[in-house]
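What follows is a short report on a single structure.
The values are calculated or read from the model by the stated rules, or taken from the named source; none is laboratory data. The structure displayed is predicted, hence computed values, not measured ones. Positions of Cβ are generated from backbone atoms using ideal geometry, with glycine treated the same way; all protein chains shown enter the neighbour counts.
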Amino acid sequence: MINRQFATLRGLAIILVVFDHAIDMSLTEFGRVGLSPPSGFARGLLIALQQPGTIAVPIFLFLSGCFIVYAVNGREIPIAYRIVATSLRYVIVPYLVWSLIFYVVAYLLQYQRLPLLEYVKGLLVGYPFNFVPLLIFFYMLGPLLVLAVRRHPWLMLAAVLGYQVFLLNVVSPGALGVVFPSWTWWLSPPILRSTLAKWAIYFPLGVVYGLHGEVILDPLRRIWLPLAASGIVLYGLRVAALIQDWDARALGLASPIPLILLCIVIKRESIPLASRFEQYGRRSYGLYLTNLIVISLLLAGIQVAAPWLLPHLIVVIPVLFLVTINIPFWIMTLADRSPARLIQRYVFG
Amino acid sequence: MTETHDTPSIEQQLRNYIAEKILLTDRFPYPDEMSFLESGNIDSLNLMEIVLHIEQVYHITVADHEIVPDNFDSVSKIADFIRRKMSHTSAI
């Protein structure tokens, strides 16, 4: 089942990603040029503003899970895999293009010079676009996952969630209050262990919803208020934990789940500026792949042209956000009308 | 695919829309029966664009459960779906 608000949610998610990165990279730049990081109210505010960004990748994965059901459910496995292979072209090629551009930019800006092998490793594990290899993994698993979830939705979901919780404690020992024996490391898959520990549940959740949405939707609509309340409480707890430097890793795993479920029951008509969000949503993969590069270049530009501006985060962050979300968007829109449109999907997805 | 009336058929309107807005080409180069999914020409984002487009242009409402490949996976399927919805609307 695909819902009308999904395109809107995708736009909202990419906006949250860019805002999150604008804050994160500004603070990283602070450290690099020797400025002391914000403290007190300013620090708390930045943490609170950054946290909504943690729901963005879960939204992308959830929507991808729903779409894989739309694309392959009821088809024979060879045909399903042909569809997956076709879709993956437009995921993998842009990912490689923009990863390489990012490495060149990072190299030229001189904040990252690594041996060649490290760049190859970066491409495999998804540095800096860390959810893309996970998305590719789930796409490749998709046709089989759809079959399994069709038969045993809740069992599959429970198994994936259980494995994610296990992985969280393997990758971040002590996150659950206990430390597993060292041999458990071998039960975590290379390349994907960190991203699975953060986001394993969301693509399968999308598959479950895609297959059984009509059964799930009504019960979810009845509990929208408790969902909203638990989402807000978990968000507040996570912000408080980060401000107080408490251990917030388990909260990081749990806090997006009620909000994702809430996203299912929101109607498109009740989302303000829905069509504007959808315009960004249509370009979301391209914006995701370009945003770190644009922010890096903008911060380097500020350092050269107006270094006095950098300490003024109240100006820097909104400027970074607005320029980063809009310049690539305009470039992609212009490319639509130029001869470059023929390769558009291989560049921006 | 030859049009005999001044008003373009639903299929022709869809071909024009998909060529211009989604494939970013001058003309729609495939048969009307071609599966969007199997050819890789339409992804989830494009699908939602098409849904919104036909709602606006043909004044129909698409329910969530109607967004399935049986209704949206080719030009001819979308055109059939639109006709069914329009006839249902006019019957009401």
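Of the candidates A:59, A:79, the single residue that is under 28 Å from residue A:342 (Cα atoms) and not hydroxyl-bearing (Ser, Thr, Tyr) is A:79. Considered as a group, the residues in region A:1-42 that are in contact (Cβ under 8 Å) with a residue 12 or more places away in the chain and among the polar types (S, T, N, Q) include one that is nearest to residue A:128 (Cα to Cα), and that residue is A:26. Is it true that residue A:141 is surrounded by 19 or more Cβ atoms within 10 Å (Cβ to Cβ) and at pLDDT 95 or above? Against the criterion (surrounded by 19 or more Cβ atoms within 10 Å (Cβ to Cβ) and at pLDDT 95 or above), residue A:141 does not qualify.
The selection criterion, being within 22 Å of the chain's Cα centre (by Cα) and either on the phi < 0 side of the Ramachandran plot or away from every other protein chain (no Cβ under 14 Å) (or both), does not hold for residue A:72.
Restricting attention to region B:24-36, does a residue exist that is within 9 Å of chain A (Cβ to nearest Cβ) and modelled with pLDDT under 85?
From region B:24-36, those within 9 Å of chain A (Cβ to nearest Cβ) are B:24-25, B:35; that's our starting set.
With modelled with pLDDT under 85 added as a condition, the list becomes B:24-25.
Within region B:24-36, one or more residues are within 9 Å of chain A (Cβ to nearest Cβ) and modelled with pLDDT under 85.
Scanning region B:26-39 for residues that are among the hydrophobic types (A, V, I, L, M, F, W, C) and loosely packed, with under 14 Cβ neighbours inside 10 Å turns up nothing. With respect to (1) within 19 Å of residue A:282 (Cα to Cα); (2) in a helix (DSSP H, G or I), the lone exception for residue B:25 is condition (2). Please determine whether any residue of region B:42-56 is touching a helix residue (DSSP H, G or I) at 6+ places or on another chain (Cβ under 8 Å), in a loop (DSSP other than H, G, I, E, B) and either within 14 Å of chain A (Cβ to nearest Cβ) or more than 28 Å from residue A:215 (Cα to Cα) (or both). Yes, region B:42-56 contains at least one residue that is touching a helix residue (DSSP H, G or I) at 6+ places or on another chain (Cβ under 8 Å), in a loop (DSSP other than H, G, I, E, B) and either within 14 Å of chain A (Cβ to nearest Cβ) or more than 28 Å from residue A:215 (Cα to Cα) (or both).
In region B:58-74, the residues that are within 10 Å of another protein chain (Cβ to nearest Cβ) reach residues that are part of a loop (DSSP other than H, G, I, E, B) and hydroxyl-bearing (Ser, Thr, Tyr) with C-beta atoms within less than 6 angstrom, at least six apart or across chains, in these pairs: B:73/B:35.
Out of A:275, A:270, A:284, A:338, which single residue is more than 14 Å from chain B (Cβ to nearest Cβ) and of a type in the set (S, T, N, Q)? So that I can check it myself, show each step before the final result.
Numbers: A:275 fails: more than 14 Å from chain B (Cβ to nearest Cβ); A:284 fails: more than 14 Å from chain B (Cβ to nearest Cβ); A:338 fails: more than 14 Å from chain B (Cβ to nearest Cβ).
Every option except A:270 fails the conditions.
So that you can scan it fast, the table gives a plain yes or no per residue for (1) touching a Phe, Trp or Tyr at 6+ places or on another chain (Cβ under 9 Å); (2) at pLDDT below 90; (3) hydrophobic (A, V, I, L, M, F, W, C); (4) part of a helix (DSSP H, G or I):
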{"site": "A:286", "(1), (2), (3), (4)": "yes, no, no, yes"}
{"site": "A:289", "(1), (2), (3), (4)": "yes, no, yes, yes"}
{"site": "A:293", "(1), (2), (3), (4)": "yes, no, yes, yes"}
{"site": "A:297", "(1), (2), (3), (4)": "no, no, yes, yes"}
{"site": "A:314", "(1), (2), (3), (4)": "no, no, yes, yes"}
{"site": "A:329", "(1), (2), (3), (4)": "yes, no, yes, yes"}
{"site": "A:340", "(1), (2), (3), (4)": "no, yes, yes, yes"}
{"site": "A:344", "(1), (2), (3), (4)": "no, yes, no, yes"}
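Residues in region A:72-83 that are free of Cβ contacts under 8 Å to residues at least 60 places away in the same chain and assigned to a helix (DSSP H, G or I): A:78, A:79, A:82, A:83. Assess whether residue A:197 counts as being out of contact with any helix residue (DSSP H, G or I) (no Cβ under 6 Å at 6 or more places or on another chain) and among the small types (Gly, Ala, Ser). So residue A:197 fails the test.
Looking for something of a type in the set (A, V, I, L, M) and closer than 18 Å to residue A:345 by Cβ - is there at least one such residue anywhere in region B:50-60?
From region B:50-60, those of a type in the set (A, V, I, L, M) are B:50-52, B:54, B:57, B:60; that's our starting set.
Remaining after also requiring closer than 18 Å to residue A:345 by Cβ: B:50.
There is at least one residue in region B:50-60 that is of a type in the set (A, V, I, L, M) and closer than 18 Å to residue A:345 by Cβ.
Among the residues in region A:48-60, are any touching a residue at least 12 places away in the same chain (Cβ under 8 Å), within 12 Å of chain B (Cβ to nearest Cβ) and not polar (S, T, N, Q)? Taking every residue of region A:48-60 in turn, at least one turns out to be touching a residue at least 12 places away in the same chain (Cβ under 8 Å), within 12 Å of chain B (Cβ to nearest Cβ) and not polar (S, T, N, Q).
Conditions tested, residue by residue: (1) assigned to a loop (DSSP other than H, G, I, E, B); (2) modelled with pLDDT of 90 or more; (3) closer than 27 Å to residue A:112 by Cα; (4) away from chain B (no Cβ under 11 Å).
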{"residue": "A:3", "(1), (2), (3), (4)": "yes, no, no, no"}
{"residue": "A:9", "(1), (2), (3), (4)": "no, yes, no, no"}
{"residue": "A:13", "(1), (2), (3), (4)": "no, yes, no, yes"}
{"residue": "A:21", "(1), (2), (3), (4)": "no, yes, yes, yes"}
{"residue": "A:26", "(1), (2), (3), (4)": "no, yes, yes, yes"}
{"residue": "A:37", "(1), (2), (3), (4)": "yes, no, yes, yes"}
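Restricting to region A:107-143, name every residue that is in contact (Cβ under 8 Å) with a residue 60 or more places away in the chain and over 19 Å from residue A:56 (Cβ atoms).
Selection gives A:109, A:111, A:124, A:125, A:142, A:143.
Residues that are in contact (Cβ under 8 Å) with a residue 60 or more places away in the chain, buried (at least 16 other Cβ atoms within 10 Å of the Cβ) and over 30 Å from residue A:40 (Cβ atoms) occur at least once in region A:216-233. I'd like the full set of residues that are crowded, with 17+ Cβ neighbours inside 10 Å and of a type in the set (Val, Ile, Thr), limited to region A:52-90. Those that are crowded, with 17+ Cβ neighbours inside 10 Å and of a type in the set (Val, Ile, Thr): A:54, A:55, A:57, A:59, A:68, A:69, A:72, A:83, A:84.
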